[in-house]
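The values are calculated or read from the model by the stated rules, or taken from the named source; none is laboratory data. Since the model is a prediction, treat every value here as computed from it, not as a measurement. Because the Cβ atoms are built from the backbone with ideal geometry, glycine has one as well, and the counts that use them run over all protein chains shown. With ligands, DNA and RNA removed, areas are computed over all heavy atoms of the protein, side chains included. Shrake-Rupley method; radii C 1.70, N 1.55, O 1.52, S 1.80 Å.
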Amino acid sequence: MIRFRVLIAAVVVLVGCSVSQDQEVALGRQNADEINAQLPIVTEPAVNSYIQDLGESIASKTSRADLDWHFYVVNTKQINAFALPGGFVYVNRGLIESTDHLDELAGTLGHEIGHVVERHSVKQMEKSQKANVGVAVVCTLTNICHSGLAQAAVQVGGSALFARYSRLDELQADSEAVVNVSRAGYNPRGVTDLFQVLLKEREYQPTAVEGWFASHPLEETRIDRAKHLIATLPEAQGKRFLVDTPQFHAFKDRVASLPLPRPSAQQSGLP
């Protein structure tokens with residue numbers, strides 16, 4: 001409870017003010033500590049090493065390569081990904097299992113990295129004028145105001161407040177993804193290919209992707225804009241991009257083989 005109060009105080013101080021990079025990183029780290037204590041974060045070394053290496057290969061090509069980036073896999077079948085301020089990026093197991101090729105996962109990470117690069121969540125906070133927004137951020141991100149790890153996995157991994165971006169934010173993150181995955185040598189078409197996969201998933205498994213569509217507005221016009229950017233961007237022209245690798249499929253198989261977390265008494269609603 002003490003940590004909760006300290007975290008609320010930290011957010012309330014920042015609301016309505018200019019947020020420095022040091023403050024942004026400190027807030028992201030505090031939220032990451034709370035989230036990692038509640039969500040079923042994968043601890044398998046091979047999985048963690050792969051997602052960290054892949055994420056860093058993209059983040060290192062951005063204008064915020066100086067951040068200490070951290071990438072995590074959440075052991076939940078919900079299809080989603082989200083990012084915290086300061087360089088903390090999470091991708092759900094369900095999304096990894098939905099990808100067909102490496103470039104699709106790279107595109108997902110590139111998109112979430114883009115939100116951090118553009119400081120979208122920080123800009124939301126700087127524009128906010130009410131202290132209770134800070135409380136809402138903490139409650140939504142960490143789920144500390146609610147009980148149940150299962151709820152946290154859905155609410156935090158599915159619709160974190162920091163992932164509730166505007167359509168303009170989403171377009172900017174798409175642009176960052178296309179540019180930076182191209183610079184890293186991955187096929188930028190993976191960005192739009194994943195969008196198509198998610199749209200199909202919504203037809204057949206709407207509950208599995210509802211968190212993604214709630215937090216990431218996705219329309220055909222957005223896909224068309226990303227395709228146009230790929231077709232005209234200098235970084236995306238005349239290169240032999242990496243589309244897929246055996247290592248990615250070994251990683252994906254390892255993720256798929258992980259046991260799902262067992263429901264605890266708290267998750268099942270028991271006292």
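Quick look at the numbers
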read-out: Helices (runs of 4 or more DSSP H) enclosed by the range 138-255 - at least 1 residues per element that are open to solvent by 60 Å² or more (accessible area, probe 1.4 Å), of a type in the set (Asp, Glu) and at pLDDT 80 or above; value: 189-204, 220-232
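Conditions tested, residue by residue: (1) closer than 24 Å to Glu118 by Cβ; (2) touching a strand residue (DSSP E or B) at 6+ places or on another chain (Cβ under 8 Å); (3) surrounded by fewer than 20 Cβ atoms within 10 Å (Cβ to Cβ).
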| position | (1), (2), (3) |
| --- | --- |
| Pro45 | no, no, yes |
| Glu56 | yes, yes, yes |
| Ala65 | yes, no, yes |
| Ile79 | yes, yes, no |
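Conditions tested, residue by residue: (1) modelled with pLDDT under 95; (2) farther than 23 Å from Leu171 by Cβ; (3) of a type in the set (S, T, N, Q); (4) assigned to a helix (DSSP H, G or I).
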residue	(1), (2), (3), (4)
Ile35	yes, yes, no, yes
Thr43	no, yes, yes, no
Asp100	yes, yes, no, no
Asp103	no, no, no, yes
